[in-house]
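Each reported figure results from applying straightforward, stated rules to the coordinates on display, with no laboratory input. Here the structure is a predicted model, which is why all the values come from computation and not from measurement. With ideal geometry, Cβ positions are generated from the backbone for all residues, glycine too; neighbour counts draw on all protein chains shown.
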Amino acid sequence: MDRNNLKRKSISFYGLVQGVGFRYHASNAASLYGVTGWVRNEFDGSVTMEAQGSEIQINDVINALENARYIQIDSIRVKEIPVVENERGFRVRY
């Protein structure tokens, strides 16, 4: 991928996002769309994800999560953050 098009976003999801397979779906969608980064549950019931790829790839992951069964996203907070060089893969953090 062209490094100029590479973005990294910190994304917080609020709603019914824990106990519904959110992290599993996020990991699968990231692999499907070629996005790197990580996802984890937060103590407040939200889920945080750092996603790195093109704008389109990251949006594809978010759309997949919004359309996933059992997951109900009430709001999303997105912040662009610095790209992590040479990152490979997407993982679930605990």
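Some notes on this structure:
- Cα-Cα pairs of the chain separated by more than 21 Å (percent): 22 percent
- Rounded FRET efficiency, nearest 0.05, which uses the C-beta distance separating Arg77 from Ile56 and R0 of 22 Å: 0.60
- Given 16 as the ceiling on other Cβ atoms within 10 Å, longest exposed-site-free region of the chain for trypsin sites (Lys or Arg not before Pro) in DSSP loops: 1-68
- By DSSP, the beta bridges lying fully in the chain are antiparallel in about 90 percent of cases.
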